[in-house]
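One structure is given here, and the rest of the page talks about it.
Read the figures in this text as sums done on the coordinates, not as results from a lab. Predicted, not measured: the structure shown is a model, and the values here were computed from it. As a convention, Cβ positions derive from the backbone with ideal geometry for all residues, glycine included, and neighbour counts pool all protein chains shown.
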Amino acid sequence: MNTRRIPSLKMECIMLFQSNPQSAHSLEDLSENLDRNEEDLEPVLELLMKQGIIEQFQKAGKTLYRYQEPETASEFEMDP
Amino acid sequence: MASAIELLEKVQQTFASQYGLTFFLTDREGEVLTSVEGGNGLCGTMLEEGLLNEMKHILKNDGRISRPLIYEVASGVHIMAAPVINGEGTSHYLWAGVLVDQDRDVDMQTEMQGAAPILYENNRSEWLQLAGRIAEVTGLCLQQTDVTPLSGLHLDRLRKSVQQHEAASAELFSQVTEDGGEIEFLGIAEQTGEDTYTVTRIIGREAGALRGKQFIVGEGFLGRTALTEVPGYWEDIGQDRRSRIFASLPERPQLLFTDTAQAHDGSVAVLFGGSFSKKRASASTKTLMQMTSILTESSLLVEGLREENSQQLSRLTSLVEICRLMASTPDPRRMILILLDISINLVEGPFSLVLIKDNKSGKGKLVTRGSYEGEVSQYVRTMMERTRQLSRLPEDTDGEPYVVTLPNGQQAIECPLAYGNEMQGILSVGIDGTSELDLQEHIAFLQTLSIIGGVSLQLAGHRETHVEEEKSEALHLAVQEMDEAAYVRSKEAAELAAVITARLEFPEASARAVVRACQLSHYSSDFIRRMFPENDAASVMETGNAILQHHDIPRTDRTDIAGYIYALCIAYSKSDRLEDAENLPRIDEAALDTFLSLVRTTHVSEVEFDLGGSSKMDDIQEIADAVKRMDHLSPREQEVLTLLAEGKNNQDIAEILYISAHTVKNHITKIFHKLDVSDRVSAISKVYRYLHKH
């Protein structure tokens, strides 16, 4: 079977979080901004959280998601 | 026959809707027999502009077309021709078009979007297969004197389902089974395992329970067809054990047809149909089954092609969005994050990482998303070795992505982030159990992504460097206003420092810090630190000043060597006496040797060659030819050197070549380095020596 897929919804989600790295979004906001069902979005958000690209947190009783920068960032000398 | 032509036109309309192509039938001489069906705008325009004459020309000159072919009728525009076999030989030709090249220019594709399907290198054979299949249907229609089997089909309904992007095969199956004819059920089984097929679509009275049933290749009637790929027809099989897959139904079929259909991804599906009540099929039912088989295969192909087109469109949209996002952020770090997040999601591998040169600090920087199994520093070392400290594209890659095996045994796609031959860094994306087909698609997407990344990072870096360069230049010019002699001295020192650091292969950022420290030696190091907080110029100056005051500095790192070079250049430019430089505490022998050989060579060169005299040579072509023979220079460096030898200054060269004066300066430094000279005079003299020697 053909399993080739370009995960367009994932791409759209990443672009949205990348464009607004400081903002937090609820599932409803994301559903409205991306014009997608919440049911379609939930597995995508799960995957992005698993990859560490976004994180989930609670604020005023609401579940929100925001962009998370990579943890690893190291510098090293470059010899001439 | 008229009804057969009408029927043909309806069939063509249906296919035209499915594929976005225009279809028509001609005789062997190219005279059009059916109406031209389809909404391919570009094809319509081209037909008005004489495409038919072109086709007649093809038929006249290419003789018989014995198999489906694709002709390029205009640059990047193609039409398909397939022979229609009627009886013994080719009686007609079916034409379908037009397809547009994948790399035809963007405006053209946008203009024709939705009208002209795109011909990709990897879907060429599928288009040809499709044209061949439609020609087969056409041949069958032309053979039919009794057109009942097909005329029973409501082609308008079928076309509508196609236009609405529904599964055309479902509509087709419904019509065939609902007509009250001999075919009471129709189904498709698709390969779901190495030897296993599963019934995925089924339509017909009381046959729904078959959905999901599996059979093994070679087992029963269906398994036999999957194995041999030969159409089958069996009568009176109610008691035959080979029909046991139907055992779950209230009754077993008496009559069974089977055939195979190739799907878009190359897999073979088994098409089957039959009757529970009739034990034998009439001739027209056999023809109907044959037609249905062809139409089903076409439907499966179009579903695949449509899916691929939608994937291509989705990729293009993503890339446009990525470009937009990259262009809107001036921050290189954000660009790196975009590259990391997009690539790890595309490949769905364990990690993505970017190893990049930080031009500000002169250090390498590693940013990772996901988790790299094992010691990442070991992997970084191998990347640095392959790219010679991120200064060169890995050998034999041409800047394109490639697959490597990592020190931890995993595999990754490495994509150089470059601008021309100038390397910015590497994007590496771990891969995990990816099929070859997926891998090729990932590589293609990552190639585009890394090109966008390389260009964006270069532009962002240039913006920052450019601002610093301008600030540095302005401060240097201010010295000229205050103290002309100090300006000349600092300029000489900076020029010496530029060549020494290039010969010692200092990283760009470190070299820039030494040159800047020399240019701005008139200012205090505190002031320089305030002006250029992210550049090492102030530290270089402080170390250099300590050496100038004969404080012994233990050599610990590159900043100390940089400070030593600063001290050598400043000491010499102040007094014009080599001893003053030689008498400084010796921090690094290589730096001192380079400095001494440079200063001595410069003296000799200045005595031996006269720039004014050289520039009088009027045969510019000879100079250009001599430079062209210096094949260790890049084409751009050759252009710059030719203009230099013609007596042009940096600004003139920049204007002639449409590049910045800063870039010209960079090229000249590289030329000096490659020719092993320290100044323009020596470079020009080398050209002349080359001219006379060869």
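Annotations
- Simple rule: put +1 on each Lys or Arg Cβ and -1 on each Asp or Glu Cβ in chain B, find the dipole, and look at B:45, B:393, B:566; the Cα lying farthest toward the positive end is B:393.
- Those GluC sites (Glu not before Pro) in the range B:16-93 that DSSP places in a loop and that have at most 15 other beta carbons within 10 Å: B:29, B:31, B:49, B:88
- Distance violations [Cα-Cα > 28 Å] among B:60/B:286; B:357/B:471; B:491/B:628; B:648/B:674; B:574/B:628; B:648/B:670: B:60/B:286; B:491/B:628; B:574/B:628
- Ascending count of other beta-carbon atoms within 10 Å, so fewest first, for B:467, B:199: B:467, B:199
- Peptide A:10-21 has a mean shielding of 5, counted as Cβ atoms of other protein chains within 10 Å of each residue's Cβ.
- Cα gyration tensor, the range B:392-550 - rounded (a/c under 1.5), prolate or oblate: prolate
- Helix B:436-482 axis versus longest C-alpha principal axis of chain B: approximately 20°, rounded to the nearest ten.
- Principal axis extents of the Cα atoms in the protein assembly as shown, from largest to smallest and rounded to whole angstrom, are 113, 72, 43.
- Footprinting exposure proxy for B:259, B:396 (fewest neighbouring C-beta atoms within 10 Å first): B:396, B:259
- Peptide B:371-379 has a mean shielding of 1, counted as Cβ atoms of other protein chains within 10 Å of each residue's Cβ.
- By DSSP, the beta bridges lying fully in chain B are antiparallel in about 95 percent of cases.
- Angle in degrees between helix B:635-645 and the longest Cα principal axis of chain B, rounded to the nearest 10: 30 degrees
- Fewest-first ordering of B:540, B:677 by other beta carbons within 10 Å of each residue's beta carbon gives B:677, B:540.
- Cα centre as origin, Lys/Arg/Asp/Glu Cβ charges: the protein assembly as shown dipole, Debye: 920 debye
- Interchain or long-range residues, amide H under 5 Å from residue B:184's placed H: B:274, B:275, B:276
- Helix B:124-143 axis, angle to chain B major axis (alpha carbon atoms, nearest 10°): 20 degrees
- Neighbour-limited loop hits for GluC sites (Glu not before Pro), the range B:563-599 (at most 13 other Cβ within 10 Å; DSSP other than H, G, I, E, B): none
- For the range B:177-232, the C-alpha radius of gyration divided by 2.2 N^0.38 Å, with N the number of residues, is 1.19.
- Using C-alpha pairs below 8 Å separated by at least 6 residues, the relative contact order for chain B is 6 percent.
- Size descriptor for the range B:329-443, Kirkwood hydrodynamic radius: 14.3 Å (Cα pairs only, one decimal).
- Helix-only CD estimate at 222 nm, as mean residue ellipticity for chain B, using -39500 (n - 2.57) per DSSP H run (n ≥ 4): -17500 deg cm²/dmol
- By the rule of a C-alpha distance below 24 Å, with chain neighbours fewer than 8 residues away ignored, the lysines paired with residue A:59 are A:50.
- The base-10 log of I(q)/I(0) for chain B, evaluated at q = 0.06, 0.09 Å⁻¹, reads -0.58, -0.90 [Debye formula, identical scatterers on Cα atoms, solvent excluded].
- In loop segments of the range B:353-444 as defined by DSSP, the trypsin sites (Lys or Arg not before Pro) with at most 15 further C-beta atoms inside 10 Å of their C-beta are B:388, B:392.
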